[in-house]
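The values are calculated or read from the model by the stated rules, or taken from the named source; none is laboratory data. Quick caveat: nothing in here was measured; it's all calculated off a predicted structure. For neighbour counting, all protein chains shown are included, and Cβ atoms are generated from backbone atoms with ideal geometry for every residue, glycine included. Ligands, DNA and RNA are stripped out before the accessible areas are found, and what is left, the full protein with its side chains, is counted by its heavy atoms. Shrake-Rupley method; radii C 1.70, N 1.55, O 1.52, S 1.80 Å.
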Amino acid sequence: IYLTENFIPTHNSLLLLKSALDIRKYNPLYKAKTPGMKPCVLYITMENSFTETIERLWNLIFEDPITNFSPEEASEKLIKELGNDKDNTDEDSPSIEVVIKYFPYREISTDDLFVLIQDLRDENLEVSALILDYIMRIRPSVSMPDNALVELDRITNELKALAVMKDIPVITAHQMNRTAASIVDQAARNNKGDATKLVGREHVSSSFNVIMNADFAAVLNIEYKPGTDDRYMVIN
C-alpha cells in the first residue's frame, strides 16, 4: 500500500473491520435472541481478499508482525481472538464471534445475504450484526448496471429492509468525492465545529443516497491535532 501526493487515501475497510472487533469487545455479556444459539458478527468483504482482510485484522489486534508466527500459531491466536475457539471455556471472554466471508466484486446480491444468515443459523450461529465492505460492491436484487445511482438506491433500501426484517444493524460505508473531503479538511483547519454541515448534496456524490436511507450516518475524517503532527479520527 502506498500514498501519493494529492490523492485521498480511503479507510473504509479498516474502519468497518474495527467495527466488527469493537462490537465483540464492548458487548461481552450479549446474548442471542434465540436461546441456545451463539451470537456473531457477519463481516462480508468484497473489497479485499480473505488474506488481506486477515492481515489487516491481525495488525489491529497484535503488535508482533504475523510473519513472526507459523500459520498454525497465527490461526490459533486469531481463532481465540475472534471467539471461534470451541475449546475456550473462559467466562470472561466476549460472547460474540466474528465470522468473515469473502466474495469477489458483485458476485453476490442483497438476496444472498438472507441465505448466508440462514446458513449460519444452521451452524447454530445467530447473526447479531452485519458489516458489509463495501456498499458499491454488492448487487441489488434486480441489477441495473447502466444506472449506478438507481442501483445504489435499491441496495440501500434492500439493506435497510434486511435490517428491519432480521432486527439487526447493517453497517457499511461509501466514500465522498474529493471536493467534499477538501471542504471537510478546510473546515477542520479553520476549527469549524460541525464540518459536515458545510458539505452540500452536490459534493457528496452518490453518498447522498446512503445518507438519505440510513437510520444513522456519520462522516469519518482524519484530522491533525492543532500545532502537531498527531493524527486522530473524527466522527461527525
When residues of segment 8-59 are filtered for being over 15 Å from the mean Cα position of the chain (by Cα), among the aromatic types (Phe, Trp, Tyr) and crowded, with 17+ Cβ neighbours inside 10 Å, how many remain? 1
Answer residue from segment 109-135, given it is free of Cβ contacts under 8 Å to residues at least 40 places away in the same chain and not charged (D, E, K, R) and is surrounded by the most Cβ atoms within 10 Å (Cβ to Cβ) among those: SER109
With (1) out of contact with any strand residue (DSSP E or B) (no Cβ under 9 Å at 6 or more places or on another chain); (2) without any contact (Cβ under 8 Å) to a residue 12 or more places away in the chain; (3) closer than 27 Å to ALA217 by Cα as the list, and GLU52 as the residue in question, which single condition is left unmet? (1)
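Anything in segment 116-140 that is part of a loop (DSSP other than H, G, I, E, B), under 13 Å from LYS101 (Cβ atoms) and in contact with a helix residue (DSSP H, G or I) (Cβ under 8 Å, 6 or more places away or on another chain)? List them, or say none. Working first, answer last.
Within segment 116-140, the first condition is being part of a loop (DSSP other than H, G, I, E, B), and the residues that meet it are 123-124, 134, 138, 140.
The next check asks that each one be under 13 Å from LYS101 (Cβ atoms); those that pass are 123, 138.
Scanning segment 116-140 gives a single hit, ILE138.
Looking at LYS160, LYS101, LYS166, LYS77, which is the one that is within 20 Å of LEU17 (Cβ to Cβ), touching a helix residue (DSSP H, G or I) at 6+ places or on another chain (Cβ under 8 Å) and open to solvent by 60 Å² or more (accessible area, probe 1.4 Å)? Spell out how you get there, then give the answer.
Details: LYS160 fails: within 20 Å of LEU17 (Cβ to Cβ); LYS166 fails: within 20 Å of LEU17 (Cβ to Cβ); LYS77 fails: touching a helix residue (DSSP H, G or I) at 6+ places or on another chain (Cβ under 8 Å).
Unique residue meeting the criteria: LYS101.
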For segment 213-235, what are the residues that are in a loop (DSSP other than H, G, I, E, B), within 14 Å of LEU15 (Cβ to Cβ) and touching a residue at least 40 places away in the same chain (Cβ under 8 Å)? VAL219
When residues of segment 10-54 are filtered for being of a type in the set (Lys, Arg) and touching a helix residue (DSSP H, G or I) at 6+ places or on another chain (Cβ under 9 Å), how many remain? 2
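For SER143, are the conditions met, namely being within 17 Å of TYR105 (Cβ to Cβ) and not in a helix (DSSP H, G or I)?
On the way: within 17 Å of TYR105 (Cβ to Cβ): yes; not in a helix (DSSP H, G or I): yes.
Answer is yes for this residue.
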